[in-house]
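These notes are about the structure you will find just below.
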Amino acid sequence: MASRAAKDATPSPSERQINLLRKRKYDAMHRGGDPDEKQHPKGKLTARERIELLVDPGSFTELVRHGGEKDRWGRRRHRLRHG
């Protein structure tokens, strides 16, 4: 039974990958503080506030939360959906 406990304590490769992604998500969400605290004292709006002013209510869905994905050439690709 002790050997099974030791085996369960070692995460599988997929569990390690999931944990890494969870850490990245946590770091991205908590790094740098609240955007409102940075932008508003400068007299600026956050990106989400600017988008809300541009589109009709309920017509915008954010598909990627952290600045987009990279395409196969390493360029940022923003995925926004209107409709």
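The values are calculated or read from the model by the stated rules, or taken from the named source; none is laboratory data. Everything numeric here is computed off the predicted structure, so don't read it as measured data. Don't worry about glycine lacking a Cβ; one is built from the backbone with ideal geometry, like all the others, and counts go over all protein chains shown.
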Completion exercise
Flagged in segment 45-59 as under 15 Å from Pro35 (Cα atoms) and either modelled with pLDDT under 90 or over 21 Å from the mean Cα position of the chain (by Cα) (or both), in numbering order, are Thr46, Ala47, Arg48, Glu49, Ile51
Problem - Of all residues in segment 1-40 being of a type in the set (S, T, N, Q) and either assigned to a loop (DSSP other than H, G, I, E, B) or in contact with a Ser or Thr (Cβ under 7 Å, 6 or more places away or on another chain) (or both), the one that is modelled with the highest pLDDT - result: Ser12
